[in-house]
Amino acid sequence: MVAKKPRIVIIGAGMAGLTAANKLYTSSSSNDMFELCVVEGGPRIGGRINTSEFGGDRIEMGATWIHGIGGSPVHKIAQEIHSLESEQPWECMDGFLDEPKTVAEGGFELSPSLVESISTLFKSLMDYAQGKLIEREESSEEVNFCKLADKICPSNGGGPGKLSVGSFLRKALNVYWDSVKEQEQIEGCGIGPDSGMFKPPLPSFKTEAISRLGFGVVNKLFLQLSSRHDGRDGDYSKFPFLQMAFHRPDSEWRHKKIPWWMRRTASLSPIYKNSGVLLSWFAGKEALELETLSDEEIIEGVSTTLSSFSSQPHKQLNSNSHGVCNGKEKSVDGNRVRFAKVLKSKWGNDPLFLGSYSYVAVGSSGDDLDTLAEPLPNPDSLGSAPLQILFAGEATHRTHYSTTHGAYFSGLREASRLLQHYHCVGV
Ligand SMILES: Cc1cc2nc3c(=O)[nH]c(=O)nc-3n(C[C@H](O)[C@H](O)[C@H](O)COP(=O)(O)OP(=O)(O)OC[C@H]3O[C@@H](n4cnc5c(N)ncnc54)[C@H](O)[C@@H]3O)c2cc1C
């Protein structure tokens, strides 16, 4: 009689699923011990890694950067398969970050000194939120910054306490703007727990952990410049790494036709030097809004915004208007920018994803990520009961959640768990 082999079904051919499958399939110790099958719900493999093409350039609709080089398995694989180089032009954002151009609604180019002060404030607030800025140094800037942070979280030394990082930054910037009369905002969003996918349903400790964790939406918008946008065929060199500054809601300088979702993005820039493809990132509500818009609405919204940056300032501004007295009247480009086509990601509404990546929301912790990673039934509580469901994926990695390498490590972890479970040697 032939003994029945255990069957392992991997659901989802994203980074975690494929890594687990590869480890199980190639592990010599598994020695044909089980049947293995990968089931993918979509028309392609790769999941939230989705290399695509637009305007003749190679682009990424999802994961974009390899975070970290030393010790990164993803970087190692990319090196081994020579995918760090490409004959085809690709989204590498080279040559721009050193010379960003910041233009405000109304056509004023902001002087770097003005932009630097707000960038420094933002960076300091981020450091504070992460608990990096606890020591009070007596240098003047630091002292001012600490006073600002104390005003928002009086009882808290070196972190936003019970506030989300987003709320903390928003409050801190509002306090700052109250003194200099400006405003900014950051959004995130959550994901619902098991919505009937599992029968019987997941135990409550799993669904509660899922409810506590955050799952945000980030979308990328690509726009191809019309080849004649500056009057010279194929020459896109004039489009800068554009940082956009918008006026606050009560400002008389606000351009009414700029759509709200454009006001929530910070930059628009070619995907590499001289590329005719521009990229802008959207997060939270504006990322979801983007998914509902037609290509025409997007082109209209972006074009209107750019026109406002390239228009001549329409009124004289009073001398104590902080943004303007530091700026000079300059356009993005003399002519109206025209777009040939657009391409956007739709991670929020795709039923196979319903978002972009997880985060540790206020009220959750690394313990919730560990809880998500626990197999069912839990081998610790049920002795030698057979494993039924194992959980991999970026949201199950305590320290590298939200990344491709986190997903990779989680796939290896669950494959090893299975190999051990089936007593494969040398795991
Ligand atoms: C816009 C964006 C930018 C990002 N930028 C970066 C970055 O710069 N660097 C980085 O490291 N990471 C980045 N990430 C995150 C990274 O892409 C993910 O963390 C990682 O790819 C997740 O892999 P995974 O295997 O956990 O999940 P997924 O890639 O989501 O794989 C899950 C798979 O399961 C399939 N599936 C879902 N439901 C079912 C079902 N019911 N039946 C069958 N199959 C199903 C899906 O189609 C998918 O193929 C980004 C993600 C997005 C969306």
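The order of K273, K285, going from fewest to most other C-beta atoms within 10 Å of their C-beta, is K273, K285.
Cross-link pairs exceeding 32 Å in C-alpha to C-alpha distance, out of K132/K273; K199/K341; K220/K256; K123/K220; K101/K132; K151/K238, comprise K132/K273; K199/K341; K151/K238. Its residue count N sets the reference 2.2 N^0.38 Å, and the alpha-carbon radius of gyration of region 1-108 equals 1.58 times that reference. Neighbour counts of other Cβ atoms within 10 Å put W65, W253, W347, W281 in the fewest-to-most order W65, W281, W253, W347.
The numbers here are math on the coordinates, done by the rules we state, and not lab data. Because the structure is predicted, anything quoted here is derived from the model rather than measured. Note that we place each Cβ from the backbone using ideal geometry, even for glycine, and neighbour counts take in every protein chain shown.
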